[in-house]
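Presented below is the structure to which this report refers.
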């Protein structure tokens, strides 16, 4: 298998350099011209690892790293993935379709994304019911587990997450107090609490994670905001009340294509006639595809990041009007860089909560995600929707106006 | 047929009021509760008109108005269409799918939109090779025949068209002089001349209309801009040069769904690696459909305004990255209102250039279009595309910054 693996790498690596130390101790370079891309080195410890990389690379790169069969030498796993992704983007047919996970069949995608309420709850528990302390060791203080917003570029993670919440609040047009807001997939409650505290909204936040629910309720109580913010363990499909505003940040990735219609029907049904909704989610800046199988198996069962055309084909049928779409690109790469650094700084503590394999799994997930956003094929979209076009101002200038109008003492200093 | 027509109207009109004067001299009201919507009155002069309205309403309303068989009484045709559209939006299945032209079969849409180069040229000539003087009698001085931009809401048409060009120029990131720009569907050259004069670009504008080409070239010569702006009679599929920027305003409506792939392939092929492209076109803020048959027959043969999902499904496959999407809504209703008023003010002159029937045809087109934008189902999208995400700034704030930085003396005063 070693010669087969070498043949694949020789054809594949044309930019930068990957030095491979084979199980027999020999080292071999696979490289493009000097200076043509990132460089990294790995040791492959055994024949089983080599075989896995040849037969099922999309799953095996991650699994071998977790198990220790694939070991980065003198560099983090990020650098190894950077070499691989750079070559995937540059090779192929000159088209971004050929990349990480593209080998995975289309047929898998529907089955993987079949998320009725019971399975949706188990899928969520898989990731979000991890020990709550884990998230405090790599996220910002507010536990925003979604793309931050870096208008200047050098903000701290805390400032960038605060900017993200302001940016979304501005798009929600919270122009008077006591507007009712539904937050679908409220996480640990940071967005809901901010909308209540800083923008005078009355919020219902729903989640399927018991860990998140308990933490969110504790935070509301600690801030004395229980009267303005309720948190409930509820599936989005079970909401029947109506709200002035609906927001959903980083939850749509878990919905699954077959359930998009139910998601938009919920938004259509629960949004008041003059309401405004904002959907913030990860998408692929390319044609529809399927989720990388390693990511489905270890991190987000049932998860999928759609192409925009898949989302809009459903939203157009919902009867809601599109009123704006923003594409955030490098913001998530920056966010993930911050998370990766914080994770590394707290690695010993995290290893003591879990184990070495868990740490490697999480590192692979953070590094792979960052590379995907930096190398272009992934992005975040913010889709604004309404029943009536008069629900939002005629130009987009109000967004910056609201962002700049937030009292200085409420801003987190950079 | 009169009783059949009355039965249809009785079921259909539930908001506002339509008073119908039948050929026999009898008048009959079809109405919802008082104050429930707009009101209008029509006279139907003969049995042929009544029959057409029952058997083929989407084509016959416009044709009867053109032929004089349907005559608005004491109000413009706009008011009659307002009553009809208000009821179409409110009735149906409570969903914007049921509306003006929705009865038209899906099957027609591909045939109608089959636009190879020869037919594309004939289709363009049908509308744009009309006597050049006509357009000077209802458009602004710069002959911008596309949606203007009304950030304040009370701008003159001249100021709003200047604001539209600035808005698009800002999104093109013309951050240094001498950038090469391809303008696909350049019309009478207003956008190309502005980009050269005010933003230092070197522009190639292409059109399929001989009238537009001659006028655009004459304007470039009159302004002494021949060195910076070239105009050519060329199909977009025949462009092979590369450009730093590509802009296309109000031309995509003529492309046809089967040719979207060729359009985006042209953009992909002709855009430099660090380039930015901006596509501005009319779309439907609802699911895909087909063009109203009256509009296809009399105004825009081969024309179609797509749903966003139809456009993005193709652009995602092109290899270009989406970097922003803005949805302009009431801006076009305002633009059309200005055009309709100018047309009315110059009606005698236009009738002497053409005839009464032409005037009615054009009035029906302008009024029907304005209603479509005001009653929500139509919009304009501005899609920004690039090969690389670094081609545009990380936030959208640069757009307002560029708009506000234009020297005051270059602004058209409101």
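The values are calculated or read from the model by the stated rules, or taken from the named source; none is laboratory data. In this text, all values refer to a predicted model and were calculated from it rather than measured experimentally. So basically every Cβ, Gly included, is an ideal-geometry build from the backbone, and we count neighbours across all protein chains shown.
Side notes on the structure shown:
- Residue check for residue A:257: in contact (Cβ under 8 Å) with a residue 12 or more places away in the chain and away from chain B (no Cβ under 12 Å): yes
- Failed criterion for residue B:34 (all others in (1) more than 19 Å from residue B:369 (Cα to Cα); (2) buried (at least 19 other Cβ atoms within 10 Å of the Cβ); (3) modelled with pLDDT under 95 hold): (2)
- When restricted to residues that are closer than 16 Å to residue A:366 by Cα and surrounded by fewer than 19 Cβ atoms within 10 Å (Cβ to Cβ), segment A:144-176 contains 0.
- Residue in segment B:370-385 that is assigned by TED's automatic domain parsing to the domain that holds residue B:281, farther than 25 Å from residue B:292 by Cβ and either buried (at least 23 other Cβ atoms within 10 Å of the Cβ) or modelled with pLDDT under 90 (or both) present: yes
Quick grid of which residues meet (1) within 13 Å of residue A:226 (Cα to Cα); (2) in contact with a strand residue (DSSP E or B) (Cβ under 8 Å, 6 or more places away or on another chain); (3) not in a loop (DSSP other than H, G, I, E, B):
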position	(1), (2), (3)
A:174	no, yes, no
A:177	no, no, no
A:188	no, no, no
A:191	no, yes, yes
A:198	no, no, yes
A:205	yes, yes, yes
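- Candidate set: segment B:377-400, residues that are more than 28 Å from residue B:287 (Cα to Cα) and more than 10 Å from chain A (Cβ to nearest Cβ); chosen: the one nearest to the chain's Cα centre (by Cα): B:398
- Flag for residue A:227 being at pLDDT 95 or above, under 19 Å from the mean Cα position of the chain (by Cα) and more than 24 Å from residue A:396 (Cβ to Cβ): no
- Elements of type helices (runs of 4 or more DSSP H) contained in segment B:262-345, each with 3 or more residues being at the interface with chain A (Cβ under 10 Å from one of its Cβ atoms), over 14 Å from the mean Cα position of the chain (by Cα) and touching a residue at least 12 places away in the same chain (Cβ under 8 Å): B:308-318
- When residue A:198 is tested against (1) within 17 Å of residue A:142 (Cα to Cα); (2) in contact with a helix residue (DSSP H, G or I) (Cβ under 6 Å, 6 or more places away or on another chain); (3) surrounded by 22 or more Cβ atoms within 10 Å (Cβ to Cβ), exactly one condition is not met: (3).
- Filtered by the rule that a residue be assigned to a loop (DSSP other than H, G, I, E, B) and more than 22 Å from residue A:51 (Cβ to Cβ), segment A:6-33 gives A:14, A:15, A:16, A:32, A:33.
- Criterion applied to A:346, A:292 was being out of contact with any strand residue (DSSP E or B) (no Cβ under 6 Å at 6 or more places or on another chain) and modelled with pLDDT under 90, and the one residue passing it is A:292.
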